[in-house]
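K.L.:
One structure, as structure tokens, below. Some questions next.
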Amino acid sequence: MKLGVRNKTGSDVGEIEVRDDVFDVPDRHALVHQVMVGHLANKRLGTAKTKTRAEVSGGGAKPRPQKHTGRSRQGSIRSPIWVGGGRAFGPSPRSYRKQTPKKMRRQAMLCVLSNKVRNGDLVVIEDLDLDQGRTREVIGILDLLGLDDSTLIVTEEPNRNVVQGARNIGKVKTLPVKVLNTLDMLNSKNLLITVEAVRKAEETWGGIYHG
């Protein structure tokens, strides 16, 4: 298949031939969902902790006599039903990590990448060489390309000027293509990718998708 290429002024400068097994992969909702859940689970710290009745202070003595007070039987002020008592069934530190096979992660990523192409949310740019790495440079390029919503900018290698120019723009994130992932693409409406990054993606992931 072919993708149109634009320059930093927003003008069309031609087309490039790209691999169908990278940019025209069938959509698989269940696979994408499973990988997305894995990404989100692995971001959780799992450090939430509350004290149980065995861990709160106090409660050594029976708070009131068992009988003849007309009130309920209580054995400890550390009981969960008392104010200041322990928490029943509260959270404890745990790991939420999910092991997702590399092949599944890559196939899900290619599904999302292909969906960006099908939905017209992927823009291939000739290059992103910035003079000074200023925020207004990046904003100007995005405006000329019509990318006013959230945008993920993908370059072949980490580009200091692009990172510096985009870091103060809300809803804009930059990534080198080698760490492109499903979650970041799903979190961004548009994907802006350089021609060099396209070729790197084909070199890295071409041929891994098998239905």
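The values are calculated or read from the model by the stated rules, or taken from the named source; none is laboratory data. Only a predicted model underlies this, so the values are computations on that prediction, with no experimental measurement involved. All Cβ positions, glycine included, derive from the backbone under ideal geometry; neighbour counts span all protein chains shown.
Yes/no per residue for (1) at pLDDT below 95; (2) more than 15 Å from residue 183 (Cα to Cα); (3) surrounded by 12 or more Cβ atoms within 10 Å (Cβ to Cβ):
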{"site": "95", "(1), (2), (3)": "no, yes, no"}
{"site": "102", "(1), (2), (3)": "yes, no, no"}
{"site": "112", "(1), (2), (3)": "no, no, yes"}
{"site": "116", "(1), (2), (3)": "no, no, yes"}
{"site": "136", "(1), (2), (3)": "yes, yes, no"}
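K.L.:
Here is a further query. Given the conditions (1) closer than 25 Å to residue 25 by Cβ; (2) surrounded by 14 or more Cβ atoms within 10 Å (Cβ to Cβ); (3) touching a helix residue (DSSP H, G or I) at 6+ places or on another chain (Cβ under 8 Å), which single one is not true for residue 162?
P.N.:
Checking residue 162 against (1) closer than 25 Å to residue 25 by Cβ; (2) surrounded by 14 or more Cβ atoms within 10 Å (Cβ to Cβ); (3) touching a helix residue (DSSP H, G or I) at 6+ places or on another chain (Cβ under 8 Å), the one that fails is (1).
K.L.:
In the list 142, 191, which residue meets the criterion of being more than 21 Å from the chain's Cα centre (by Cα) and buried (at least 21 other Cβ atoms within 10 Å of the Cβ)?
P.N.:
142
K.L.:
Let me ask something else. Give all pairs with beta carbons closer than 7 Å in which a residue from the range 83-95 that is free of Cβ contacts under 8 Å to residues at least 60 places away in the same chain meets a residue that is of a type outside the set (A, V, I, L, M, F, W, C) and exposed (fewer than 11 other Cβ atoms within 10 Å of the Cβ); count only pairs at least 6 apart in sequence or on separate chains.
P.N.:
Going by the 7 Å Cβ cut-off, the qualifying pairs are 93/47.
K.L.:
Among the numbered conditions (1) touching a helix residue (DSSP H, G or I) at 6+ places or on another chain (Cβ under 7 Å); (2) under 21 Å from residue 112 (Cα atoms); (3) in contact (Cβ under 8 Å) with a residue 24 or more places away in the chain, tell me where residue 173 comes up short.
P.N.:
Status for residue 173: all satisfied but (3).
K.L.:
If residue 40 satisfies all but one of (1) in a loop (DSSP other than H, G, I, E, B); (2) at pLDDT 95 or above, what's the number of the condition it fails?
P.N.:
In the conditions (1) in a loop (DSSP other than H, G, I, E, B); (2) at pLDDT 95 or above, residue 40 misses (1) alone.
K.L.:
Restricting the search to the range 1-10, which residues are surrounded by fewer than 17 Cβ atoms within 10 Å (Cβ to Cβ) and β-branched (Val, Ile, Thr)?
P.N.:
Of everything in the range 1-10, just one residue is surrounded by fewer than 17 Cβ atoms within 10 Å (Cβ to Cβ) and β-branched (Val, Ile, Thr), namely 9.
K.L.:
Restricting the search to the range 11-32, which residues are in contact (Cβ under 8 Å) with a residue 24 or more places away in the chain and either in a loop (DSSP other than H, G, I, E, B) or exposed (fewer than 12 other Cβ atoms within 10 Å of the Cβ) (or both)?
P.N.:
18, 19, 24, 25, 26, 27, 28
K.L.:
Any residue at all in the range 52-72 that is of a type in the set (S, T, N, Q) and in contact with a Pro (Cβ under 7 Å, 6 or more places away or on another chain)?
P.N.:
No - not one qualifying residue is present in the range 52-72.
K.L.:
Tally the residues that are under 27 Å from residue 17 (Cβ atoms) and small (Gly, Ala, Ser), restricting the search to the range 162-211.
P.N.:
Qualifying residue count, the range 162-211: 6.
K.L.:
While we're on this one: In the range 33-80, how many are within 30 Å of residue 110 (Cα to Cα) and either hydroxyl-bearing (Ser, Thr, Tyr) or surrounded by 15 or more Cβ atoms within 10 Å (Cβ to Cβ) (or both)?
P.N.:
Looking only at that region, the number is 5.
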